[in-house]
Amino acid sequence: MKLNSIGLDIQKAKELANDLNNLLANFQIYYQNLRGIHWNIKGKRFFDLHVKFEELYTDANMKVDLIAERVLTLGETPLHTFTDYIENAQVPVGKNISQDEKAVTLIVESLTELLKIERAILDKSGDANDEGTNSMMSDFITEQEKTVWMMKAWLS
């Protein structure tokens, strides 16, 4: 077994980087969805949601950077074009959403998709003894599960 400079199996690190690139593409679509609903939200809940959506897109932007840097740490190149993002993403694209419940539903659907991807990466990173990726996924999952719970509570 050949190891890379951080002590991980080269092939497993490459596979994890590919999975992280898929997560990166999905996060970029999620981020752009959040920007769109932040800009376009209307109605009586505007002030609360406008602020909440900004909080979420700021967090998503930070996570995008963390994911890309992890891909680089594993020795690969992060995806960085909109074409790559669109071709690789499973997260739904929200277009011209201005209604509060549709916006929050889009967030729940997006996070549900991101959680599936993150759990798969968590399993693989554990297998590869990649604590850096494993820890990142664990942190993301914990935060996003709470956000899904809160968004679903808001919807009910």
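Readers should treat all values here as calculations from the given coordinates under stated rules, not as data from a laboratory. What you see is a predicted model, and the numbers here were worked out from it, not measured in a lab. In this analysis, Cβ positions are derived from the backbone assuming ideal geometry, glycine residues included, and neighbour counts consider all displayed protein chains.
Considering only residues of segment 67-78 that are over 10 Å from the mean Cα position of the chain (by Cα), in a helix (DSSP H, G or I) and in contact (Cβ under 8 Å) with a residue 12 or more places away in the chain, which is nearest to I107 (Cα to Cα)?
Filtering segment 67-78 down to residues over 10 Å from the mean Cα position of the chain (by Cα) leaves 68-78.
With in a helix (DSSP H, G or I) added as a condition, the list becomes 68-73.
From what's left, in contact (Cβ under 8 Å) with a residue 12 or more places away in the chain: 68, 70-71, 73.
Working: A68: 22, R70: 24, V71: 25, T73: 29 Å.
Ranking the candidates gives A68 first.
Any residue in segment 48-64 that is charged (D, E, K, R), part of a loop (DSSP other than H, G, I, E, B) and surrounded by fewer than 17 Cβ atoms within 10 Å (Cβ to Cβ)? If you could, list the steps in order and put the result at the bottom.
Keep residues of segment 48-64 that are charged (D, E, K, R), which gives 48, 52, 54-55, 59, 63.
Checking the rest, the ones that are also part of a loop (DSSP other than H, G, I, E, B) come to none.
No; the residues of segment 48-64 include none that is charged (D, E, K, R), part of a loop (DSSP other than H, G, I, E, B) and surrounded by fewer than 17 Cβ atoms within 10 Å (Cβ to Cβ).
Residue-wise test of (1) among the charged types (D, E, K, R); (2) surrounded by fewer than 21 Cβ atoms within 10 Å (Cβ to Cβ).
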site	(1), (2)
L16	no, no
L23	no, no
R35	yes, yes
N40	no, yes
D84	yes, yes
L115	no, yes
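Does segment 4-47 hold any residues that are more than 15 Å from G132 (Cα to Cα), touching a helix residue (DSSP H, G or I) at 6+ places or on another chain (Cβ under 7 Å) and outside any helix (DSSP H, G or I), and which are they?
Once the filter is applied, which keeps residues that are more than 15 Å from G132 (Cα to Cα), touching a helix residue (DSSP H, G or I) at 6+ places or on another chain (Cβ under 7 Å) and outside any helix (DSSP H, G or I), segment 4-47 yields I41, G43, R45.
Those residues that are in contact (Cβ under 8 Å) with a residue 60 or more places away in the chain and closer than 16 Å to I117 by Cα, I need them from segment 51-66; list them, please.
K63, L66, listed by residue number.
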